[in-house]
Amino acid sequence: MKRTGLGIVIIFAVVGALVFSRLLANKDSEEAIEVFKDNIATDKAEPTTNVDDKEAPPLRAPKPELVNLDGWLQSDATGINSFDGQVRIVQFWTFGCFNCNNTYPFLKEIYQTYEPEGLEIIGVHAPEFDWEKNPIDIQNAANEKGITWPIALDTNKENFKAWRPENRGWPLTYVLDQNGNVRYERKGEKDYERLTNTVKYLIENGP
Amino acid sequence: MLNLFFEGIQSALLPCSAVILIPGVLIVLAGRDKKYPAMAAFIIGASIFSWLELSEQQSYLNNVSAGLLFAVSAIVAFPRKSDKDLRVTSVVSGITAGIASVSLWVPCTGEHYGDLQETIDENNIGGLFHQLSYLLGITIPLIAVAAIFLLIKPKIYKRIVKPLTYFASATLMIFAILVVAGAHETMISNLTKWSI
């Protein structure tokens with residue numbers, strides 16, 4: 001009887017931890033967006049109070065290229081150079097990726113806020129699986145998720161592998177300055193404060 | 001470290017963790033009365049090898065090498081006449097399956113695991129413990145699987161334990177063949193597609 005009781009307690013504890021952690025994950029994402037909105041509101045009320053804003057984001061790599069793409073969705077661009085002069089967030093994503101999904105609410109917020117000031121987001125779709133390769137499905141997924149920015153099709157993951165050769169996971173996020181140099185890079189979700197500060201600095205101060 | 005553990009738990013039910021959890025469950029089933037040493041060996045083997053891979057001290061294994069490791073794990077776990085060396089065989093089987101599993105693993109990269117990947121080169125041995133925390137979180141369902149056996153009456157358990165071991169080691173062997181052939185990718189792909 002003691003044995004059975006212990007078994008039941010362990011199973012319930014594990015199931016409870018799994019459910020609780022999922023609920024916590026959703027709350028974390030919502031909180032991150034609230035923090036971003038609050039910071040933007042504070043910035044508008046009291047501009048240039050953040051010391052970090054004045055520190056230039058370091059140059060991480062010179063002008064990476066997007067080569068051998070299979071085309072673009074939601075854009076007439078011919079390459080990454082088509083956006084020269086603009087600050088660019090380049091995100092390698094794939095529509096079946098759970099962690100990528102978690103970033104879209106934030107990306108939509110930052111796009112809405114900074115697009116009028118010269119920000120462009122480029123979603124480079126680098127599929128993990130074969131069923132993620134069809135452009136019609138990618139477009140449908142973009143519509144469903146509310147992704148309105150240009151999407152480059154990196155079907156064979158040539159650029160995904162070239163930009164960060166040792167990497168295996170999604171998403172991968174970069175910020176390129178107006179000259180196309182890398183000023184921010186990140187594997188995985190979040191780090192939104194540093195991302196926002198980089199974009200804000202480049203928009204306000206130039207490259 | 002705790003953040004990574006909780007992020008691991010969050011990832012446990014996602015398809016990206018299937019390649020860790022499916023062999024992990026088989027190792028628990030094949031472990032008979034040494035389920036916990038087998039499970040611990042699996043997690044430790046997976047943690048050490050993934051840390052070596054992430055910190056670029058070891059390159060990723062190809063499908064053939066990973067498949068062969070699964071085959072070794074299946075052969076070692078296969079029931080024998082005497083259970084004298086059960087602890088040793090469970091540990092060896094767990095470690096080899098753990099190494100093979102992480103070689104195929106494309107991890108979900110949340111906030112804290114992203115941070116770890118960005119800093120693991122500089123962290124060295126500290127990174128190993130962080131990697132262990134994350135994998136402990138991911139493999140938490142294995143504890144529940146092992147606990148199921150506490151609910152089974154000892155008499156019934158004695159009758160099912162050997163067939164279960166045969167089933168688990170045979171399934172590991174089938175998995176080994178699928179990995180060598182590259183067919184596991186289709187399996188994981190379908191699993192991901194169904195879960196969306």
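The values are calculated or read from the model by the stated rules, or taken from the named source; none is laboratory data. Since the structure is predicted, the reported quantities are computational estimates derived from the model, not experimental observations. Don't worry about glycine lacking a Cβ; one is built from the backbone with ideal geometry, like all the others, and counts go over all protein chains shown.
Odds and ends about this structure:
- Within the range A:117-134, tally of residues that are part of a loop (DSSP other than H, G, I, E, B) and within 17 Å of B:Thr192 (Cβ to Cβ): 6
- Within the range A:135-185, being assigned to a helix (DSSP H, G or I), loosely packed, with under 15 Cβ neighbours inside 10 Å and within 12 Å of another protein chain (Cβ to nearest Cβ) holds for A:Asp137, A:Glu144.
- Filtered residues of the range B:105-126 (kept if within 19 Å of B:Ser59 (Cα to Cα) and either free of Cβ contacts under 8 Å to residues at least 24 places away in the same chain or more than 11 Å from chain A (Cβ to nearest Cβ) (or both)): B:Glu118, B:Thr119, B:Glu122, B:Asn123, B:Asn124, B:Ile125
- B:Ser47 vs. criteria within 11 Å of another protein chain (Cβ to nearest Cβ) and part of a helix (DSSP H, G or I): no
- Residues within the range A:96-134 that are over 19 Å from A:Leu66 (Cβ atoms), away from chain B (no Cβ under 12 Å), within 11 Å of the chain's Cα centre (by Cα) and β-branched (Val, Ile, Thr), tallied: 1
- Condition met for A:Leu18 (within 14 Å of chain B (Cβ to nearest Cβ), at pLDDT 75 or above, in a helix (DSSP H, G or I) and surrounded by 12 or more Cβ atoms within 10 Å (Cβ to Cβ)): yes
- Scanning the range B:154-196 for residues that are within 9 Å of chain A (Cβ to nearest Cβ) and not in a helix (DSSP H, G or I) returns a single hit, B:Ile196.
- Scope the range A:71-99; condition over 17 Å from A:Gly206 (Cα atoms) and assigned to a loop (DSSP other than H, G, I, E, B); matching residues: A:Gly71, A:Gln74, A:Ser75, A:Asp76, A:Ala77, A:Thr78, A:Gly79, A:Thr94, A:Phe95, A:Gly96, A:Cys97
- Residue pairs meeting the criteria (Cβ under 9 Å; at least 6 apart or on separate chains; first within 9 Å of chain A (Cβ to nearest Cβ), in the range B:2-15; second charged (D, E, K, R) and surrounded by fewer than 18 Cβ atoms within 10 Å (Cβ to Cβ)): B:Ile9/A:Arg22; B:Gln10/A:Arg22; B:Leu13/A:Arg22; B:Pro15/B:Lys193
- Just so you know, in the range B:103-133 the residues that are at pLDDT 85 or above and hydrophobic (A, V, I, L, M, F, W, C) include one that is surrounded by the fewest Cβ atoms within 10 Å (Cβ to Cβ), and it is B:Phe129.
- So A:Ile110, is it within 21 Å of A:Arg60 (Cβ to Cβ), part of a helix (DSSP H, G or I) and in contact (Cβ under 8 Å) with a residue 60 or more places away in the chain: yes
- Residue within the range A:198-207 that is modelled with pLDDT under 90, more than 16 Å from the chain's Cα centre (by Cα) and among the polar types (S, T, N, Q) present: yes
- Test result for B:Ser73, within 14 Å of another protein chain (Cβ to nearest Cβ) and surrounded by 23 or more Cβ atoms within 10 Å (Cβ to Cβ): no
- Candidates B:Leu69, B:Leu52, B:Leu61: the one that is among the aliphatic types (A, V, I, L, M) and modelled with pLDDT of 90 or more is B:Leu69.
- So B:Phe129, is it assigned to a helix (DSSP H, G or I), touching a residue at least 60 places away in the same chain (Cβ under 8 Å) and either within 24 Å of B:Val25 (Cβ to Cβ) or of a type in the set (Val, Ile, Thr) (or both): no
- Checked against (1) assigned to a loop (DSSP other than H, G, I, E, B); (2) without any contact (Cβ under 8 Å) to a residue 40 or more places away in the chain; (3) surrounded by fewer than 23 Cβ atoms within 10 Å (Cβ to Cβ); (4) within 14 Å of chain B (Cβ to nearest Cβ), A:Arg194 meets all criteria but (1).
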